[in-house]
Amino acid sequence: MSISKVAKLAGVSSSTVSRVINNHPRVAPETAQSVRRAMQSLNYTPSERRPGPKPASRTRSNLGSIAFLVLGTSGNRATPAFQDLLRGVSMGASRHELNLIFHHVPDPNRLPQRVLEQRVDGMLLHGVTPQGEAREYLRRLPTVWLMGNVRRPDWGDQVLPDGYAIGEVAATYLTSRGHRRLAYLNLDAGHWALRMYGHAFASVAQEHGAQVIRLEQASDASAGYWHDYSPDAVEGMVRNYLSASDRATGIFIAEDMQAAILQPALQKAGVEIGAGKVEIISCNNETPYLVGLEPKPAVIDIRVESIGRRAVEQLTWRMEHPDVPERIITAIEPRVVPVEEFAPAAAAGNGDRAHA
């Protein structure tokens, strides 16, 4: 008799059965009662069963397992924020005593055999939405997507930055500093989450009585999830900004990766950036991208580590409630890191240029 048969009869995941066996405190009483009834019905007696903490002789291989797949990249160009995301996921898995399996999957439509052979109770996904057989395989498992992704997934729960709040705090920050002509610059208009930032930024800025222009253009096609922006795209964006009849003095750049190339390009074109001149706020709080900028922009911290931890929390809930039909979408609130707070952190982050 196996744990999986008990889990099936009780209508829960194998990891939940393991937690009940080990008297884990984070199991709802009614769930624990259902598992124990199933064990009794099947005459199932786990080896080394005893009350209290899990015995040292019980290895982690007996715990529930989850997989974290990054789809559409080999991992050779992960952004700095991805390190925080992975750390949050690792912390969450450790807290819930779950085995964590991690893979970069270059082709999202072809899952590696090693992924298919590993038995897992749930999936954390980030990146490109898969199609075909890969999609059907993943849809059968309890799933939580992390971050905004390029395209919004159409199945599974999701934990992501609060896109509306990001646009809101950017607009509020710039208007509070006296700017009434604002611009949103985005080199990746195909990214649905970044488009959301722009919608919210324009809406809130107009509520504050500011004029807004949105300068967005599609990025070049790329084989990987993480990519560069072409010099032509950067030059075109700067040219469009300069050609505006009433040039914006407050600029919201969609993400730090873009700010790292757009701010120098603007300065090269003669735009004076700094307090009392043109001011910039960027998004993600990825210090390694911004250490070379002078002056430093204000940034929006999207709390990536919290997203990773909360995604594991949601996945454990989903594994215990597989039959709940509603998708659960959780948005994590951002915060503004003003220029004066960011400056010393940037100096400390000089040694963190290497990508994951």
Scan the range 152-175 and give yes if some residue there is farther than 30 Å from Asp323 by Cβ, among the small types (Gly, Ala, Ser), free of Cβ contacts under 8 Å to residues at least 40 places away in the same chain and surrounded by fewer than 22 Cβ atoms within 10 Å (Cβ to Cβ), otherwise no. no
Do you know which residues across the range 18-38 are at pLDDT 80 or above and crowded, with 21+ Cβ neighbours inside 10 Å? Val35
Mind listing whichever residues of the range 323-339 are out of contact with any helix residue (DSSP H, G or I) (no Cβ under 9 Å at 6 or more places or on another chain), farther than 21 Å from Asp301 by Cβ and surrounded by 14 or more Cβ atoms within 10 Å (Cβ to Cβ)? Arg327
For residues in the range 295-322 being hydrophobic (A, V, I, L, M, F, W, C) and farther than 20 Å from Met123 by Cβ, which is surrounded by the fewest Cβ atoms within 10 Å (Cβ to Cβ)? Ala298
Which of the helices (runs of 4 or more DSSP H) found entirely inside the range 232-342 contain at least 2 residues meeting this: outside the structural domain of His179 (by TED's automatic domain parsing) and farther than 20 Å from Ala193 by Cα? 304-320
Tell me whether the range 212-229 contains one or more residues that are in a helix (DSSP H, G or I), among the hydrophobic types (A, V, I, L, M, F, W, C), outside the structural domain of Ala67 (by TED's automatic domain parsing) and under 23 Å from Asp84 (Cα atoms). no
If you scan the range 7-18, which residues turn out to be part of a helix (DSSP H, G or I) and either of a type in the set (Gly, Ala, Ser) or in the same structural domain as Asp323 (by TED's automatic domain parsing) (or both)? Ala7, Ala10, Ser14, Ser15, Ser18
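The values are calculated or read from the model by the stated rules, or taken from the named source; none is laboratory data. Because the structure is a prediction, the values reported are computed rather than measured. For neighbour counting, all protein chains shown are included, and Cβ atoms are generated from backbone atoms with ideal geometry for every residue, glycine included.
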